[in-house]
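Every read-out reported here was derived from the displayed coordinates using simple, explicitly stated rules and does not represent laboratory data. Computed from a predicted model, the values in this text were never measured in an experiment. When we count neighbours, we look across all protein chains shown, and the Cβ atoms used for this are built from the backbone with ideal geometry, even at glycine.
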Amino acid sequence: MTSLPHLVLTGSPYERGLTHGEAFAAEIRANVETYLTRFAHHGATEEAVRRQASEYVPLIEEWNADYASELRGIADGSGVMIEEITLLNVRYEILYASYSDQTTKTHGCTSFGLLPMATADGETYIGQNWDWAAPIADTLLVAEIHQSAKSDHIAITEAGIVGGKMGVNEQGIGLVINGLVSPDDGDHPFRKPFHLRCREILDATRYDSALESIVATPHACSANYVVGHGDGEVIDIETSPNRTDYIYPQNGIVTHANHFMTPDFESRMERQLPDSLYRANRLRRLFEHRRGEIDSNIMKSALRDHFGRPASICRHEDPDAPSEECSQTDTSVILNLDDCILHATYGPPCDEDYQIYRLCQ
Ligand SMILES: [Zn+2]
């Protein structure tokens, strides 16, 4: 059994980055190579990507000085150029902008939120299967961030990326996400990046300020954010560069995959990923008939569902797809927002047990 490494980060933003960079230097270098290969496969040349990353460096400083400082610490700690660390931190903008006019396969995710009325213990949960390139599973880590002015939190991130995507903070604010694609993605690339927003959500001390990180400023690329609070709140926010819309749980349950579910968006990702059309609805049904008695075993069982395998909720690599387009569930995550506990697997959940990671307070 393999589990994701757990790294505790304390001190100033720069010191936290330094620790992260020193501990995961090899994984960070591997990530730079993996992403340069993927960018090239989707039509973004290395020269163009490096130039784009350099342009982001002063902008990140402007948007969030602490994020920029932690990013610089990662560069210094790992000995990897700051443009390359920035490239990892804006890899969502680079890749998803290239997806909007292509037919190559992309990668999915299936997420959920459960209000107290739906769960056996009356607590609030969010979670997801995070489906991405298989080599990235080897560079994931559970980062536990301790900081003075912002919320302590625990989140899964890719080595070299400051902002964790799936996590919960000491206030009980939690986040899971899905990739989305619309035709306008990438038309305005130099807007606040996805991973920086993820970090601001988990840094937040109040639920409304976590939501503000998503809705207050325009986006470069589409994305779906499921933001919950341990006191019994979950909101799903769909975003594109020109539009934002909201999905509230029905009967205490919300699920999402990789196509827009509210009207008025021009949704693109299901063209490359038609399995998106059944994954969220299927997950909802798996929960719906156990509403009020959903416990962690029912959540795990639903996330291990193999309908449509390999393009299933529990995703496996497609043996017929080119390696640059292959994906699998790299980690399956369940977050208890009342108790700040993260359950996560290394790789598809049918192969592995969930490990428990707690935010030490
Ligand atoms: Zn499986």
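In order along region 319-332, phi translates into HN-Hα couplings of x, 8, 8, x, 4, 6, 10, 6, 8, 8, 6, 6, 7, 10 Hz, rounded to whole numbers, per the Karplus curve 6.51 cos²θ - 1.76 cosθ + 1.60 with θ = phi - 60° and x for Gly and Pro. Taking a spot 7 Å from the Cα of Arg290 along the direction of its beta carbon, which residues of region 307-343 have an amide N less than 18 Å from it? So the set is 307, 313-315, 332-337, 343.
Within 9 Å, Cβ to Cβ, of Ala210, how many net charges do the neighbouring residues add up to if Lys/Arg are +1 and Asp/Glu are -1?
Working: positive: Arg206; negative: Glu200, Asp203, Asp208, Glu212.
Net local charge, Ala210 excluded: -3.
For region 182-192, backbone phi angles converted through the Karplus equation (6.51, -1.76, 1.60; θ = phi - 60°) give residue-by-residue couplings of 10, x, 8, 4, x, 5, 10, x, 8, 10, 3 Hz, Gly and Pro being listed as x.
Kirkwood Rh, Cα Rg: Rg to Rh for region 163-212? It would help to have the intermediate numbers written out before the result.
Working: Rg = 12.3 Å, Rh = 11.9 Å.
Looking at region 163-212, the ratio lands at 1.03.
Per residue, the convex hull spanned by the Cα atoms of region 147-252 amounts to 106 cubic angstrom. Here the contact order of the chain, divided by its residue count and restricted to Cα pairs under 8 Å and six or more residues apart, works out to 21 percent.
Keeping to pairs on different chains or 8 or more places apart, tell me how many lysine pairs in the chain have Cα atoms under 24 Å apart. The partial results should precede the final answer.
Working: Lys105/Lys165; Lys150/Lys165; Lys150/Lys192; Lys165/Lys192; Lys165/Lys300.
Qualifying lysine pairs in the chain: 5.
For the chain, the dipole from Cβ point charges (+1 on Lys and Arg, -1 on Asp and Glu) about the Cα centre works out to 500 debye, to the nearest 20. Taking R0 as 25 Å, what's the FRET efficiency between His41 and Ser3 from their Cβ-Cβ distance, rounded to 0.05? So the FRET efficiency works out to roughly 0.25. Across region 256-270, rounded Karplus estimates of 3J(HN,Hα) from the backbone phi angles (6.51 cos²θ - 1.76 cosθ + 1.60, θ = phi - 60°) give 8, 10, 10, 10, 5, 10, 8, x, 5, 9, 9, 8, 10, 5, 5 Hz, Gly and Pro being marked x. When the chain is treated as a Gaussian network with alpha carbon springs shorter than 10 Å, the biggest mean-square fluctuation among Pro319, Pro274, Pro249 belongs to Pro319.
Rank by packing, highest mean first: peptides 343-354, 192-203, with packing defined as the count of other Cβ atoms within 10 Å averaged across residues.
Numbers: 343-354: 20.4, 192-203: 25.3.
Ranked from most to least packed, the peptides come out as 192-203, 343-354.
Here the Gaussian network model covers the chain, with springs between Cα atoms less than 10 Å apart; of Ser209, Ser69, Ser240, Ser209 fluctuates the most. Relative to one another, the C-alpha centroids of region 215-246 and region 55-89 are positioned 25 Å apart. Across region 277-361, Cα-Cα distances exceeding 18 Å account for 50% of all pairs.
Can you list, largest first and rounded to whole Å, the semi-axes you get for region 190-323 by taking the square root of 5 times each eigenvalue of its Cα gyration tensor? Before the final figure, lay out the partial values.
On the way: eigenvalues 133, 93, 39 Å².
Working through the eigenvalues yields semi-axes of 26, 22, 14 Å.
Note that region 9-98, at 10 °C in a medium of 1.306 mPa s, gets a Stokes-Einstein diffusion coefficient of 121 µm²/s from its Kirkwood radius over C-alpha pairs.
Result for the chain in a Gaussian network model with C-alpha springs under 10 Å: among Glu61, Glu324, Glu123, the largest mean-square fluctuation is at Glu61. With coordinates expressed along the principal axes, the C-alpha atoms belonging to the chain extend over 51, 46, 41 Å, beginning with the largest.
Placing +1 on the Cβ of every Lys and Arg and -1 on the Cβ of every Asp and Glu, with no other charges, gives region 55-214 a dipole of roughly 220 debye about its Cα centre. Take every pair of alpha-carbon atoms less than 8 Å apart whose residues are at least six positions apart; their mean separation over the length of region 138-230 yields a relative contact order of 30 percent.
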